[in-house]
Amino acid sequence: MSPSLLLIRPPMQHPFTVDVWFDVFAEAIALTGEAVLRFNAGNDFYRHWVLDPAALRDAWALFMKQWRRGVYDQARPEIRSVAEALRTDEDEWRLRFERAAQKAMIMETAATPALSETVQALQSIDELLGFLSTAFFPLRLERDSLVHPGLERIDDVADFCRQEDENPFARYARSARLPGPAEVAFCLVRRPDQVAAAASLIEIWRQKWPKTSWAAVGAHLEVDAVHRAVGISMNALPEDHQALWQDVQRRWRQASSSHSDPLVGDSPLDAAALAGAKDRGTTVIAWRDPRGELKPLTAGLYQAARGGTWNHLVLPLDEMSPLASQLSAFAAENPGIIHSWCRQAPAASLYSGPRHRYPRGSAAYGRTMPLPGVPVWQVLRHPELIAVFVRRQGLASLAQSRLDPDKGILFELGRSLVYTYQKPEELPEGYLDEICRMVEAGGSVATQWVRHNLERAFLIVYVQEYGVIVGNSSLKHPRQEYIEAVSAQSGLDLRHYLERGYTSVRPEYRGFGIGARMLAGLTERAGDYKIFSVIGEDNIPTQKMAMRNRTRRVATFYSDRAQKQIGVWIPEWMLPEGIDLPPQPQPD
């Protein structure tokens, strides 16, 4: 009689994701003629352990044991401070443990729940993983990664498996309800940081099912590590079970070499991969290991975004190359092109996974009032989970969605913009300071005259949403020496013009048409004045904005101060009579 077979997906896998490789492996087994029973221990670990009040109370007892033993006294300062905060807030944490069961119910459904429910569950999981990482220190549990600086050798993994009281996977395994028993049980292992989790499960479960043949399947080196850690000898298995294992491994190699995820792509960031991005048909592409020059790469990412692809960028945390540093700065300033990104730290040990750091927004706008909440993608994080909601809500809607973590409210940027036009003396207290910081953050003008010019401006426009200034511009009375210099260099008489400038729009709000609407509103309110603007020849976004407002470039000159070519622009209905326009730019 053919053996019944159980295929197990181990922790740590990201919540609410479907491991396509788990399905590929099950299909490979099915080709052998075996009926496959699947057990997703990755999701079960979250539902019935991380979010289980009884398991959390047991972990608190371990935390207190660690505290009394002085374990945290020798830890890094940030670990000690977290432990002290936990000890102080014991009552609050015990309430969180009881509420965790509500989030576990969200994970019971096979389909990914609504965005609001998913976000709530992930927030709770993150809080509890932070607690559990302290309780099981020095182990750190990420959503989809196990981090432990001490898992450097096979013997370390074996010792970890034997430390059942201080091993979260062993604790989970003792309480888990496996389907079965089965004659054969294979645990799928594809990454180094799955080795300790898989080995811990097998160590406990083979005590429960001593008549079952246990083995790991998947990536060759990781499978061998699991077997060595728990003392599995393939020669000791029945011959038909050995043959089945070998057949499954062979079919897995064949299937995985030709399989691609229909939702999420993973690719090096280079010109060739970008050229083929539109043909991949994937919703999200995770770009890694950038190669080449910045400008062609960012142009390719822009085209991919225009084609409906969500660009997720993964950069190294340490020892970043000049190109990676440039890309991180570009990502912070262009969330409409690189929609999500992170920095990835190297693994802490051979059998650990990487840790990820997520950005906090534009560094340039760091001195301005912060936007409320955080981008929803920073809560979702995993490219596969992002892909689910891109398909449900649309790319633009998800990219603009934010979460207020204190109130638990989801909202979208750009839905309630308020435009205000005022003289400088009419501005509410503190607004001029914030507008000056916005202009300085924009980075396209020298800062020494910003406040002077804005205090004497003809008109200022600012745009607010949720109580935060998100964009501003102005009509200025140019200083005499400035207007004489620009007139002399451009060959135009601009003495009786207002200058339109000091335009700044936060990166999160670019692409909403805010700049164009502000400039149009200022122009309509100029009265009897004519208007000009100076725009750097390298400032393509502002050139596009000017052209959409029927503004034309009338002259160019080289600025010694700015060390670049500058264009002078005037609305077409204000052009001097008889002027011959030079060729207009054609920004792509």
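Aliphatic (A, V, I, L, M), surrounded by 20 or more Cβ atoms within 10 Å (Cβ to Cβ) and in contact (Cβ under 8 Å) with a residue 12 or more places away in the chain: which single residue out of LEU323, LEU350, LEU403 fits that description? Talk me through it step by step, then tell me what you get.
Details: LEU323 fails: surrounded by 20 or more Cβ atoms within 10 Å (Cβ to Cβ); LEU350 fails: surrounded by 20 or more Cβ atoms within 10 Å (Cβ to Cβ).
Every option except LEU403 fails the conditions.
In this structure, is ALA329 outside the structural domain of ASP155 (by TED's automatic domain parsing), at pLDDT below 95, crowded, with 17+ Cβ neighbours inside 10 Å and farther than 21 Å from THR118 by Cα? Spelling it out, it is not the case that ALA329 is outside the structural domain of ASP155 (by TED's automatic domain parsing), at pLDDT below 95, crowded, with 17+ Cβ neighbours inside 10 Å and farther than 21 Å from THR118 by Cα. Somewhere in the range 96-108, is a residue closer than 30 Å to SER401 by Cα, buried (at least 19 other Cβ atoms within 10 Å of the Cβ), touching a His at 6+ places or on another chain (Cβ under 8 Å) and not charged (D, E, K, R)? Checking the range 96-108: at least one residue is closer than 30 Å to SER401 by Cα, buried (at least 19 other Cβ atoms within 10 Å of the Cβ), touching a His at 6+ places or on another chain (Cβ under 8 Å) and not charged (D, E, K, R). Across the range 515-542, the qualifying residues are those that are among the small types (Gly, Ala, Ser) and farther than 28 Å from ARG561 by Cβ, and the one among them that is farthest from the chain's Cα centre (by Cα) is GLY527.
Tell me which residues, restricted to the range 150-186, are in a loop (DSSP other than H, G, I, E, B) and under 21 Å from ALA59 (Cα atoms).
We begin by selecting, within the range 150-186, every residue in a loop (DSSP other than H, G, I, E, B); these are 150-153, 163, 167, 176-183.
If the condition is that a residue be in a loop (DSSP other than H, G, I, E, B) and under 21 Å from ALA59 (Cα atoms), then GLY150, GLN163, ASN167, ALA176, ARG177 are the ones that fit.
With a requirement of 1 or more residues that are basic (Lys, Arg), the strands (runs of 3 or more DSSP E) lying completely within the range 256-335 that satisfy it span 284-288. Exactly one residue out of LEU178, LEU201, LEU237 is at pLDDT 95 or above and either assigned by TED's automatic domain parsing to the domain that holds ASP44 or more than 16 Å from VAL157 (Cβ to Cβ) (or both), and it is LEU201.
Here is a check on your reading of the model: is PHE16 hydrophobic (A, V, I, L, M, F, W, C) and on the phi > 0 side of the Ramachandran plot? Yes: the conditions hold for PHE16.
The set of residues in the range 522-551 that are under 16 Å from LEU498 (Cα atoms), of a type outside the set (Phe, Trp, Tyr) and surrounded by 17 or more Cβ atoms within 10 Å (Cβ to Cβ) comprises LEU522, THR523, ALA526, ILE531, SER533, VAL534, ILE535, ALA546, THR551.
Yes or no, residue by residue, for (1) polar (S, T, N, Q); (2) free of Cβ contacts under 8 Å to residues at least 60 places away in the same chain:
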| position | (1), (2) |
| --- | --- |
| GLU164 | no, yes |
| ASN167 | yes, yes |
| ALA173 | no, yes |
| ASP193 | no, no |
| ALA198 | no, no |
| ILE202 | no, yes |
| ALA219 | no, yes |
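Of the residues making up the range 459-471, not a single one is surrounded by 17 or more Cβ atoms within 10 Å (Cβ to Cβ), more than 21 Å from GLU508 (Cα to Cα), at pLDDT below 95 and β-branched (Val, Ile, Thr).
When ARG456 is tested against (1) surrounded by 17 or more Cβ atoms within 10 Å (Cβ to Cβ); (2) under 15 Å from GLU426 (Cβ atoms), only condition (1) is not met.
A quick yes/no check of all residues on (1) closer than 30 Å to ALA396 by Cβ; (2) over 35 Å from the mean Cα position of the chain (by Cα):
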residue: LEU427; (1), (2): no, yes
residue: ARG451; (1), (2): no, yes
residue: ALA457; (1), (2): no, yes
residue: ARG500; (1), (2): yes, yes
residue: TYR509; (1), (2): yes, no
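Could you grab me the full set of residues in the range 218-248 that are within 34 Å of the chain's Cα centre (by Cα) and either part of a helix (DSSP H, G or I) or more than 21 Å from TRP205 (Cα to Cα) (or both)?
As a first pass, look at the range 218-248 and keep what is within 34 Å of the chain's Cα centre (by Cα): 218-226.
Matches in the range 218-248: ALA219, HIS220, LEU221, GLU222, VAL223, ASP224, ALA225, VAL226.
Taken as a whole, the condition of being free of Cβ contacts under 8 Å to residues at least 40 places away in the same chain, on the phi < 0 side of the Ramachandran plot and under 20 Å from the mean Cα position of the chain (by Cα) applies to ARG306.
Residues that are surrounded by 13 or more Cβ atoms within 10 Å (Cβ to Cβ), of a type outside the set (Val, Ile, Thr) and within 31 Å of the chain's Cα centre (by Cα) within the range 73-95 comprise ALA75, ARG80, ALA83, LEU86, TRP93, ARG94, listed in sequence order.
Which residue, of GLU78, GLU127, GLU108, is acidic (Asp, Glu), in contact (Cβ under 8 Å) with a residue 12 or more places away in the chain and farther than 27 Å from GLY180 by Cα? Step through it out loud before you land on a result.
On the way: GLU78 fails: in contact (Cβ under 8 Å) with a residue 12 or more places away in the chain; GLU108 fails: farther than 27 Å from GLY180 by Cα.
Every option except GLU127 fails the conditions.
Checking each residue in the range 386-408 for being within 14 Å of the chain's Cα centre (by Cα) and among the small types (Gly, Ala, Ser) picks out ALA387, ALA399, SER401.
Of all the residues in the range 171-189, those that are closer than 21 Å to PHE136 by Cβ and surrounded by fewer than 20 Cβ atoms within 10 Å (Cβ to Cβ) number 3.
Here is a yes/no grid of residues against (1) of a type in the set (A, V, I, L, M, F, W, C); (2) surrounded by 15 or more Cβ atoms within 10 Å (Cβ to Cβ); (3) in contact with a helix residue (DSSP H, G or I) (Cβ under 9 Å, 6 or more places away or on another chain):
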position: VAL379; (1), (2), (3): yes, yes, yes
position: PRO383; (1), (2), (3): no, yes, no
position: ILE386; (1), (2), (3): yes, yes, yes
position: ARG391; (1), (2), (3): no, no, no
position: GLY408; (1), (2), (3): no, no, yes
position: PRO428; (1), (2), (3): no, no, no
position: CYS436; (1), (2), (3): yes, yes, yes
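Residues considered: LEU86, LEU132. Of these, the only one that is farther than 26 Å from VAL18 by Cα and either in a helix (DSSP H, G or I) or touching a residue at least 24 places away in the same chain (Cβ under 8 Å) (or both) is LEU86. When TRP287, TRP252 are checked against the criterion of being modelled with pLDDT of 95 or more and within 21 Å of GLU384 (Cβ to Cβ), a single residue qualifies: TRP287.
The values are calculated or read from the model by the stated rules, or taken from the named source; none is laboratory data. It should be emphasised that the depicted structure is a prediction, and the values quoted were computed from it without experimental measurement. As a convention, Cβ positions derive from the backbone with ideal geometry for all residues, glycine included, and neighbour counts pool all protein chains shown.
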